[in-house]
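Here is the structure we will look at.
The values are calculated or read from the model by the stated rules, or taken from the named source; none is laboratory data. A quick note: this is a predicted structure, and the numbers were derived from the prediction, not measured. Positions of Cβ are generated from backbone atoms using ideal geometry, with glycine treated the same way; all protein chains shown enter the neighbour counts.
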Amino acid sequence: MCICMNGYQIFIDGAAGTTGLQVQNRLEAQPDLALIVLDDADRKDDAIRADAMAAADVTILCLPDEAAKQATGTARKLSARLIDASTAHRIDPGFIYGFAELLKDGERQIAEAQYVSNPGCYPTGFLALVRPLIEAGWLSADAMLHVPAVSGYSGGGKAMIAQYEAGNAPAYGSYGLNLAHKHLPEMTQHAGLSNAPLFLPSVGNFAQGMLVSVMLDKSYLSKAVSVDNIKELYQTRYQADRLITVGTDNELTENGFLAADALAGTDRLELFVFADSQNDRLVLTARLDNLGKGASGAAVQNLNLMLGRDMLAGLSV
């Protein structure tokens, strides 16, 4: 184990995985941060990992859920601060939900937190679209929302990446067809919904990027709101947030496509509102990089807040 004594000490537990590597890439160029690096032989040694956690100012867990739960138990014994990028604690009341722009006084809550749960990639887009409508009283908490979405294949981890890069995977495919995706509790709770949405995720033959859509007709809305009303609501809600913007039709390609990979390599999130000519049917869409604002970028943003640094240090805006 290598511990450098300059600046804040950061331990990425699971640094060899896709999310962990992207977190590391964002942090290693920051002069006031020092990464605690474990040798390959030490990465599964619980005692060495515990020592690294004890030495760190913050630990970032980039682990499968069960491993993250075990690591959290160690953190509690050590009184260590951590960010969990797994699904394990996203609705745990002992963790602050790490989506600063979504929470009331979110930056302060995360800055003071002992334990932070990093949001999921799909929920990030979904919540940014839906929660403001519910809080405004424009969308009923009882609404049964239909949420089609597509992600780049990097969201599936190393095995899926290898499949696609070897040409052994479909150009496009839906999954989670048992309608019990692990993101549903997170999406439901943090949106303030009474019913879990009908969520259909899919993967496409591109490495990074994501579109998350919510399909509405006017019967879902409690008042006669227009496209402009919803855009203004988003603009007001996120006007102080440098990573979230409201997009325009100018983002469409000449063939009318909204490209899922347009924000690949960034840590931004864009929100769009589309409607038919009668304003009776609407599609709300969030666009982000599944490994940026949807994973590693969000972890770095939360880390910055916990350390009292510039929230956007190391991020691509």
> Could you list, in sequence order, the residues of segment 140-150 that are more than 19 Å from Thr18 (Cα to Cα) and either of a type outside the set (Ser, Thr, Tyr) or not assigned by TED's automatic domain parsing to the domain that holds Val203 (or both)?
Replying inline: Ala141, Asp142, Ala143, Met144, Leu145, His146, Val147, Pro148, Ala149
>> I need a count of the residues in segment 208-221 that are outside any strand (DSSP E or B) and either modelled with pLDDT of 95 or more or buried (at least 23 other Cβ atoms within 10 Å of the Cβ) (or both).
In response: 2
> When both residues are 6+ apart or on different chains and their Cβ atoms are under 8 Å apart, which pairs have a first residue that lies in segment 235-252 and is touching a residue at least 40 places away in the same chain (Cβ under 8 Å) and assigned to a loop (DSSP other than H, G, I, E, B), and a second that is surrounded by 11 or more Cβ atoms within 10 Å (Cβ to Cβ) and β-branched (Val, Ile, Thr)?
Replying inline: Tyr238/Ile244; Tyr238/Thr245; Tyr238/Val246
> What are the pairs, 6+ residues apart or on separate chains, where a residue within segment 28-51 that is in the same structural domain as Gly73 (by TED's automatic domain parsing) has its Cβ under 6 Å from a residue that is among the β-branched types (Val, Ile, Thr) and assigned to a loop (DSSP other than H, G, I, E, B)?
Replying inline: Ile36/Ile3
> Name the residues in segment 263-313 that are at pLDDT below 95 and in a loop (DSSP other than H, G, I, E, B), would you?
Replying inline: Asp276, Ser277, Gln278, Asn279, Asp280
> Looking at Asp280, is it without any contact (Cβ under 8 Å) to a residue 24 or more places away in the chain, in the same structural domain as Gln208 (by TED's automatic domain parsing) and among the acidic types (Asp, Glu)?
Replying inline: no
>> Please determine whether any residue of segment 293-310 is among the acidic types (Asp, Glu) and within 19 Å of Val212 (Cβ to Cβ).
In response: no
> Of all helices (runs of 4 or more DSSP H) completely enclosed by segment 1-116, which ones contain at least 3 residues that are modelled with pLDDT under 95 and surrounded by 14 or more Cβ atoms within 10 Å (Cβ to Cβ)?
Replying inline: 18-27
> So which of Tyr153, Tyr164 is among the hydroxyl-bearing types (Ser, Thr, Tyr), out of contact with any strand residue (DSSP E or B) (no Cβ under 7 Å at 6 or more places or on another chain), in the same structural domain as Asp261 (by TED's automatic domain parsing) and surrounded by 18 or more Cβ atoms within 10 Å (Cβ to Cβ)?
Replying inline: Tyr164
> Which of (1) surrounded by fewer than 18 Cβ atoms within 10 Å (Cβ to Cβ); (2) modelled with pLDDT of 95 or more; (3) of a type in the set (A, V, I, L, M) does Ile244 not meet, given it meets every other one?
Replying inline: (1)
> Only one of (1) assigned to a loop (DSSP other than H, G, I, E, B); (2) farther than 26 Å from Leu200 by Cα; (3) at pLDDT 95 or above is not met by Pro119, so which one is it?
Replying inline: (2)
